[in-house]
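Notes follow once the structure below has been shown.
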Amino acid sequence: MKSNPQILNQKYQEALALYNKSEYLKAEGILRQLVQRAPRSFDAIHLLGVVYYLLNRHSEAETFIRKAAVIKPTSECYFNLGLVYRELNKEAEAETAFVKAIKLDPRHAKAANNLGNIELGKKNFVKAEHYYNLAITSSPKYALAYKNLGLVLRDTNQEEKAKQVLLKAIEFDPNLAESYSILAGMYEKDGEFQSAIDMFKKIGNYCSAQRAARRGAYWDGLAELDKTALDSLINSNEFNFFEPWSLLNVSGLTPIQHRDIGKKFAQFKLKSALQRPPVPLAAPLPADSVLRIGYLSSDFYNHATMHLMSGILEKHNTDNFLIRLYSYSPQRKDSYTERLSALNIEVIDLSSMSDHEAAKTIAQDNLHILVDLKGFTQGTRLEITALRPAPVIVSWLGYPGSLGEPKLADYIIGDPVVTPVEHAEHFSETLALMPHCYQPNDDKKKIAPRPTRAEQNLPEDAFVFCSFNQIMKYTPETFALWCKLLHNVPNSVLWLLSSTSVPVNNLRAEAVKNGIDPQRLIFADSLSVDQHLGRLQLADLALDTYPVGSHTTASDTLWAGVPLVTRLGPLFASRVAASLVTAVGLPELVTETDEEYYQLALALANDPARIQQLKEKLAANRTTSPLFDTERFTRDLERLYRAIWRQHSEGNAKRDPIVLPSE
């Protein structure tokens with residue numbers, strides 16, 4: 001190739017045509033030659049950098065786009081450089097590049113949108129909103145900026161504005177699936193379940209559609225929806241609109257599928273964090289005397305996590321264990337935060353930090369073990385644990401199952417019932433088994449005075465079945481069993497936790513389909529924990545859900561003195577109540593099939609003397625069984641942490657399950 005300007009331009013146009021046809025490797029070959037012949041050719045150097053960016057050769061892309069910016073500092077050049085820096089996880093450099101792009105072209109909408117994304121990642125919602133509005137002002141039909149603005153407005157409780165903005169995003173780009181997904185999620189939250197289901201299905205988001213269907217008790221076609229959702233997740237590598245916890249209710253899900261889908265989700269959703277090098281750890285401290293434990297969560301307030309954990313935090317041996325809480329909780333003040341503030345435990349607020357800043361903060365604290373209390377549950381920030389801010393990371397309590405991706409957790413705390421050793425292959429984590437039950441309980445939990453049945457709209461002389469689980473845990477099959485029980489125990493009612501009018505009306509209609517007077521379903525409003533425990537004492541027998549069973553709901557029921565019939569399944573989530581009733585000394589209430597479950601509940605409902613015996617046994621065991629012995633649980637948990645650290649310190653590549661013996 002000669003250095004004739006006409007020939008060079010001809011070759012550049014040839015490379016540009018290949019670029020426009022996405023034939024990047026061919027374009028790269030020509031551009032390489034051009035750059036050798038014309039080392040000051042801005043167009044060729046810039047385009048070569050862009051080609052490398054599209055080929056995921058980001059270091060080479062940085063080199064050439066930076067050269068182009070020196071030759072001619074254009075807004076587009078700095079914008080592309082910002083994109084490259086983001087791929088290289090150089091957020092500060094990316095921000096600088098996008099700012100330069102806007103200075104050179106104040107109407108550069110894409111640069112403004114990307115600055116909004118950076119601020120959103122740092123939880124700077126005000127700045128993010130500013131940049132998205134700037135992008136929209138510069139480009140009034142920029143659907144992606146409308147979508148991003150809708151996300152910020154939703155997350156800052158400006159929901160009506162968010163809906164209008166998202167509808168604009170859909171108007172300007174009907175193919176932008178994420179706009180539909182965010183809007184559908186808002187419809188679901190507001191109880192507009194059918195609108196949510198229809199919108200989720202429109203974009204092929206069947207997993208979220210089945211979740212919305214369950215929340216609204218829309219059960220027609222649910223089996224087919226489950227099958228489509230599971231098939232789509234097994235065969236997909238894209239998980240833009242998926243939340244693993246919502247998969248647990250899907251019928252037919254196996255533990256191995258659950259583990260593997262979790263891994264694919266993590267590798268898709270957390271790709272950037274998983275590919276980044278771990279944050280540097282502080283120099284390790286010896287653990288001979290004091291083991292340094294950190295708990296990471298967004299739920300250190302009046303939340304189920306603190307309902308369970310408060311007693312543990314109060315009883316930790318602070319002579320032998322240094323305990324720190326790393327919180328990205330919303331700012332709250334309640335009885336649980338007050339209990340926490342009374343302890344000699346430092347709480348580090350991560351809520352305003354980026355994931356990388358939060359990970360660095362944790363890493364500087366010389367922890368031996370970081371315990372993630374969230375897993376894949378709502379509001380999680382697994383990007384923090386993906387950056388490995390402690391030598392050992394443990395998954396516990398929040399998420400009932402494997403995270404699938406080994407970098408997210410080394411161990412999962414379970415027990416011989418929820419995670420028997422023979423189930424080890426179901427988990428990417430190494431099993432660490434408590435001797436009795438994995439779930440902590442607070443033996444200071446207060447029970448309000450027992451109300452009258454009349455005050456709770458319950459018949460005085462009826463047999464009261466109850467299930468205070470969320471409606472999304474109900475299935476048509478389990479509900480049919482409950483209706484069968486109502487049919488064969490004539491003077492009985494089913495006491496359920498209320499919801500919005502739509503699912504309540506749908507459940508009543510479902511009762512009619514099963515031949516049951518809908519008035520025999522009695523719905524209870526949400527109450528404070530102590531008042532809820534007080535009213536629970538009015539129930540005769542609790543019925544568990546399946547395949548996702550009761551968790552905190554079950555321990556509350558047992559603490560209130562009500563026997564619970566449960567069915568054991570293959571998933572962690574379908575074994576929790578079995579673990580709880582076993583730990584409280586009532587293993588006879590565990591069944592393994594629908595028929596066994598139904599027959600046991602029926603036999604108990606028809607045998608008042610046996611129900612009374614169970615209640616008396618439960619009352620006696622409440623003060624002696626491992627389930628509600630917070631002191632014993634805490635000492636066992638601390639022994640388990642020691643065993644985990646000891647195994648880690650031995651440095652064996654293969655970790656065997658840890659089974660802690662009872663003392």
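Consider region 514-534. How many of its residues are over 15 Å from Trp559 (Cα atoms), aliphatic (A, V, I, L, M) and part of a helix (DSSP H, G or I)?
The qualifying residues number 0.
To keep it simple, each residue is scored yes or no on (1) at pLDDT below 95; (2) in contact with a Cys (Cβ under 9 Å, 6 or more places away or on another chain); (3) under 23 Å from Leu558 (Cα atoms).
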{"site": "Lys407", "(1), (2), (3)": "no, no, no"}
{"site": "Ile413", "(1), (2), (3)": "no, no, yes"}
{"site": "Val418", "(1), (2), (3)": "no, yes, yes"}
{"site": "Ser428", "(1), (2), (3)": "no, no, no"}
{"site": "Asp442", "(1), (2), (3)": "no, no, yes"}
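Report the residue count in region 355-379 for those that are touching a Lys or Arg at 6+ places or on another chain (Cβ under 7 Å) and surrounded by fewer than 22 Cβ atoms within 10 Å (Cβ to Cβ).
So the count comes out to 2.
Among the residues of region 532-548, how many are closer than 27 Å to Leu247 by Cα and either free of Cβ contacts under 8 Å to residues at least 60 places away in the same chain or aliphatic (A, V, I, L, M) (or both)?
Of the residues in region 532-548, the ones closer than 27 Å to Leu247 by Cα are 542-548.
Subset that is either free of Cβ contacts under 8 Å to residues at least 60 places away in the same chain or aliphatic (A, V, I, L, M) (or both): 542-543, 548.
Looking only at that region, the number is 3.
Could you list, in sequence order, all residues of region 464-476 that are closer than 18 Å to Asn514 by Cβ and aromatic (Phe, Trp, Tyr)?
Matches in region 464-476: Phe465, Tyr474.
Do the conditions hold for Glu224, that is, is it surrounded by fewer than 20 Cβ atoms within 10 Å (Cβ to Cβ) and out of contact with any helix residue (DSSP H, G or I) (no Cβ under 9 Å at 6 or more places or on another chain)?
So Glu224 fits the description; yes.
Restricted to region 414-431, and to residues that are surrounded by fewer than 16 Cβ atoms within 10 Å (Cβ to Cβ) and in contact with a strand residue (DSSP E or B) (Cβ under 8 Å, 6 or more places away or on another chain), which residue is farthest from Phe628 (Cα to Cα)?
Per the stated criteria, the residue is Ala424.
Any residue in region 432-451 that is outside any strand (DSSP E or B), surrounded by fewer than 17 Cβ atoms within 10 Å (Cβ to Cβ), of a type in the set (S, T, N, Q) and not assigned by TED's automatic domain parsing to the domain that holds Thr305?
No, the conditions are met nowhere in region 432-451.
Do you know which residues across region 91-116 are closer than 25 Å to Arg276 by Cα, over 32 Å from the mean Cα position of the chain (by Cα) and among the small types (Gly, Ala, Ser)?
Ala97 - this is the single residue of region 91-116 that is closer than 25 Å to Arg276 by Cα, over 32 Å from the mean Cα position of the chain (by Cα) and among the small types (Gly, Ala, Ser).
Taking the stated definitions as given, is Arg214 farther than 20 Å from Gly379 by Cα, under 21 Å from the mean Cα position of the chain (by Cα), part of a helix (DSSP H, G or I) and not hydrophobic (A, V, I, L, M, F, W, C)?
In short, yes.
Can you say whether Gly191 is more than 18 Å from Pro400 (Cβ to Cβ) and assigned to a helix (DSSP H, G or I), as far as the supplied structure shows? Don't jump to the end; show me each part of the working.
Details: more than 18 Å from Pro400 (Cβ to Cβ): yes; assigned to a helix (DSSP H, G or I): no.
Criteria not met by Gly191.
Condition test on Pro459, is it crowded, with 17+ Cβ neighbours inside 10 Å and either of a type in the set (Gly, Ala, Ser) or over 18 Å from Ser574 (Cα atoms) (or both)? I'd like the intermediate steps shown before the answer.
Details: crowded, with 17+ Cβ neighbours inside 10 Å: no; either of a type in the set (Gly, Ala, Ser) or over 18 Å from Ser574 (Cα atoms) (or both): yes.
In short, no.
Looking at region 614-663, which of the residues that are crowded, with 19+ Cβ neighbours inside 10 Å and among the aromatic types (Phe, Trp, Tyr) is nearest to Leu291 (Cα to Cα)?
Among those that are crowded, with 19+ Cβ neighbours inside 10 Å and among the aromatic types (Phe, Trp, Tyr), it is Tyr641.
Quick check on Thr137: is it farther than 29 Å from Asp43 by Cβ, assigned by TED's automatic domain parsing to the domain that holds Asp190, touching a Phe, Trp or Tyr at 6+ places or on another chain (Cβ under 7 Å) and without any contact (Cβ under 8 Å) to a residue 40 or more places away in the chain?
In short, no.
Can you confirm whether Leu48 is among the aliphatic types (A, V, I, L, M) and over 24 Å from Ile102 (Cα atoms)?
Here the answer is no, as Leu48 does not meet what is asked.
Quick one: how many residues across region 252-292 are under 24 Å from His648 (Cα atoms), in a helix (DSSP H, G or I) and not small (Gly, Ala, Ser)?
The qualifying residues number 4.
Determine whether Val50 is under 23 Å from Arg107 (Cβ atoms) and either of a type in the set (Asp, Glu) or in a helix (DSSP H, G or I) (or both).
Against the criterion (under 23 Å from Arg107 (Cβ atoms) and either of a type in the set (Asp, Glu) or in a helix (DSSP H, G or I) (or both)), Val50 qualifies.
Of the numbered conditions (1) in the same structural domain as Ile197 (by TED's automatic domain parsing); (2) assigned to a loop (DSSP other than H, G, I, E, B); (3) polar (S, T, N, Q), Thr228 satisfies every one except a single condition; which is it?
It is condition (2) that Thr228 fails.
Any idea which of Ala573, Ala653, Ala609, Ala601 is modelled with pLDDT under 95 and of a type in the set (Gly, Ala, Ser)?
From the options Ala573, Ala653, Ala609, Ala601, the qualifying one is Ala653.
Only one of Leu660, Leu586 is touching a residue at least 40 places away in the same chain (Cβ under 8 Å) and either of a type in the set (D, E, K, R) or closer than 23 Å to Tyr438 by Cα (or both). Can you tell me which? Even if it seems obvious, please write down each step before you answer.
Details: Leu586 fails: touching a residue at least 40 places away in the same chain (Cβ under 8 Å).
One residue alone meets the criteria, Leu660.
Of all the residues that make up region 293-320, how many are more than 20 Å from Asp443 (Cα to Cα) and surrounded by 20 or more Cβ atoms within 10 Å (Cβ to Cβ)?
Count: 6.
Name the single residue, out of those in region 253-292 being over 17 Å from Trp645 (Cβ atoms) and of a type in the set (A, V, I, L, M), that is surrounded by the fewest Cβ atoms within 10 Å (Cβ to Cβ). Even if it seems obvious, please write down each step before you answer.
Here is the first cut: in region 253-292, the ones over 17 Å from Trp645 (Cβ atoms) are 253-280.
Retained after the next criterion (residues that are of a type in the set (A, V, I, L, M)): 253, 256, 261, 266, 270, 273-274, 279.
Details: Leu253: 23, Ile256: 12, Ile261: 21, Ala266: 24, Leu270: 20, Ala273: 22, Leu274: 18, Val279: 19.
Per the stated criteria, the residue is Ile256.
Which count do you get for residues in region 231-284 that are of a type in the set (Ser, Thr, Tyr) and modelled with pLDDT of 95 or more?
Total satisfying the criteria: 1.
Hey, among the residues in region 486-502 that are farther than 15 Å from Asn514 by Cα and not hydroxyl-bearing (Ser, Thr, Tyr), which one's surrounded by the most Cβ atoms within 10 Å (Cβ to Cβ)?
So the residue we want is Trp495.
Looking for something charged (D, E, K, R) and outside any loop (DSSP other than H, G, I, E, B) - is there at least one such residue anywhere in region 29-40?
Yes, the conditions are met somewhere in region 29-40.
The values are calculated or read from the model by the stated rules, or taken from the named source; none is laboratory data. Note that the coordinates shown come from a computational prediction; the quantities given were computed from them, not determined experimentally. A quick note on method: Cβ atoms are made from the backbone with ideal geometry, for glycine too, and the neighbour counts reach across all protein chains shown.
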